[in-house]
Amino acid sequence: MKVDVILGLQWGDEGKGKIVDVLTPKYDVIARFQGGPNAGHTLEFNNIKHVLHTIPSGIFRENQVNIIGNGVVIDPIIFKKEIDALKKINVDISTQLFISKKAHLIMPSHRILDAASEASKGKTKIGSTLKGIGPAYMDKTGRNGLRVGDAVNEGFKEKYDALLQKHVTILEQYDFEYNLAEFEKGWLEGIEVLKSFEIVDSEHFINKLLKEGKTVLAEGAQGTLLDIDFGSYPYVTSSNTICAGACTGLGVSPNRIGEVFGIFKAYCTRVGSGPFPTELHCTTGEELRAKGNEFGATTGRPRRCGWLDLPALNYSIMLNGVTQLIMMKADVLSGFEKIKVATAYKLNTGEVISDFPYDIELVTDVVYDELPGWTEEELKGVDSKEKMPKNLKDYIRYIEEKTGVSITYLSLGPNRDQTVILK
Ligand code: GDP
Ligand code: IMO
Ligand code: MG
């Protein structure tokens, strides 16, 4: 069988959690392949709103296997909090969740290093979620990291202490006060919770399931424009968020990849620092933020808002080999008389380009198309393609024409049920 992949095409928070939950009944296995607790994936159903950070968004459906793959970085403190929150609503995932031995652990000192690094950058800070993601991936690629498999083996404490010592030495270079003790007890408790789950050789586990004919949905975190190689570097995260990351983050070969669902908002948001060509600094931006409730699911920070950006969207579609598009939050655009869509960038040299450039900070102006909007009244009770207002149908057709990819699902609200299957 194939692995279908669902991933964000913008700067994260596209609505991946909601759609993974919607698609889960079609799959036997849901697997996270990169990122860590910098992610905040929101699901809403039966009047419950739930935010997941490390745990795959398939967890609320029964019978599915959920895997945290080798490409993910796990903070045991946050993991334990997630498990406790699920227990509170009587969701027991002890038999459903499998964790890769090769996933790396985020230590309390990684979080401190993240904070110290950001503080030292001043104005040029990345706007990190401060979850220790960058330092943990640095230790992974630097071949110093601590893995989940280490936690179940002898000598774990010695390995932990040795790495902590390295971190303490690095921290001496920063003028940064910290208190490690406040985290360490909770971290060790979290390790015990982690160890109570099935710790597996996830690459063998997932390939065996595929051989048995099981269907797999790989759940991306962050978005393509935050990819470590192709995003708006250095204002990115520290993992490969693109489709290729599903292969390295799960141990599945590229020829196993099936459908690639590319998910995007009908407009655009970004949280944290970095260039954002279509950002709106006016009341329209504020209106989008208020109507879309655009506040970070992990940090609560207000998200920057702007119009849909086609050069960026087409770049993301190219990098991921997107086979189907999923458009989210079209309800948020209702009530706007005119909707703008970026079609090209003007650079400081005067050149007009429609490709995503090496340095998007050189974009000085944006070329827009303008399309007519739809009203809230027209969107009421829309649960099928046929009932959609004409201008929304036209907006969808316009994006399909400009990208060459079909939009197969449309989301009109945060709830599981507020989803229209278009094709
Ligand atoms: P993720 O990180 O990609 O899973 O997205 P987040 O959960 O961080 O952010 C998406 C936000 O939009 C959440 O608050 C969702 O509940 C909400 N949401 C998802 N789809 C829709 C939609 O179609 N309309 C509206 N209004 N909200 C949505
Ligand atoms: P989900 O999965 C939106 C952003 C941060 C910052 C940059 C680096 O919910 O879509 P990091 O903590 O990784 O060092 O931060 O990336 N960022 C996200 N923005 N959604 C996310 O995840 C994000 N994860 C990281 O705001 O700009
Ligand atoms: Mg999010």
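Under a Gaussian network description of the chain, with springs only between Cα atoms under 10 Å, the residue in GLY335, GLY122, GLY292 that fluctuates furthest is GLY122. Of the chymotrypsin sites (Phe, Trp or Tyr not before Pro) found in the stretch 177-217, not one falls in a DSSP loop while having at most 10 other beta-carbon atoms within 10 Å. What angle, in degrees between 0 and 90 and rounded to the nearest 10, separates the Cα long axis of helix 202-211 from the longest principal axis of the Cα atoms of the chain? Orientation of helix 202-211: about 50 degrees from the principal axis.
Going by average Cβ neighbours within 10 Å, how do the peptides 111-120, 45-54 rank, with the highest at the top? Mind showing how you got there, number by number?
Working: 111-120: 19.6, 45-54: 15.8.
Output ranking for 111-120, 45-54: 111-120, 45-54.
I want to verify a result. In a Gaussian network model of the chain, Cα cutoff 10 Å, which of these has the top mean-square fluctuation: GLU286, GLU182, GLU203? Of GLU286, GLU182, GLU203, the most mobile in the Gaussian network model is GLU182.
Amide H contacts for ILE257 (H built 1.01 Å from N in the peptide plane; partners 5 or more residues away or on another chain; cut-off under 5 Å): VAL3. Computed over protein heavy atoms with a 1.4 Å probe, the accessible surface of the stretch 1-53 works out to 27 Å² per residue. Going out from 0 in 10 Å bins, what whole percent of all Cα-Cα distances in the chain drops into each bin? Pairs per bin, as whole percents: 4, 22, 32, 25, 13, 3, 0. When the Cα centres of the stretch 290-322 and the stretch 1-27 are compared, how far apart do they sit, in Å? Distance between centres, Cα-based: 15 Å.
For the set THR364, THR24, the ranking by accessible area, highest first and with no ligand, DNA or RNA atoms included, is THR364, THR24 under a 1.4 Å probe.
For the stretch 1-109, which GluC sites (Glu not before Pro) are in a loop by DSSP, counting at most 10 other Cβ atoms within 10 Å? Mind showing how you got there, number by number?
Working: sites: GLU14, GLU44, GLU62, GLU82; in loops: GLU14, GLU62.
Filter output for the stretch 1-109: GLU62.
Helical runs (DSSP H, four residues minimum) scored at -39500 (n - 2.57) apiece and divided by the length of the chain put the mean residue ellipticity at 222 nm at -9500 deg cm²/dmol.
The values are calculated or read from the model by the stated rules, or taken from the named source; none is laboratory data. In this text, all values refer to a predicted model and were calculated from it rather than measured experimentally. Note: ideal-geometry Cβ built from the backbone for every residue, glycine included; neighbour counts use all protein chains shown. Note: accessible area is taken over every heavy atom of the protein model, side chains too, but ligands, DNA and RNA are not part of it. Shrake-Rupley method; radii C 1.70, N 1.55, O 1.52, S 1.80 Å.
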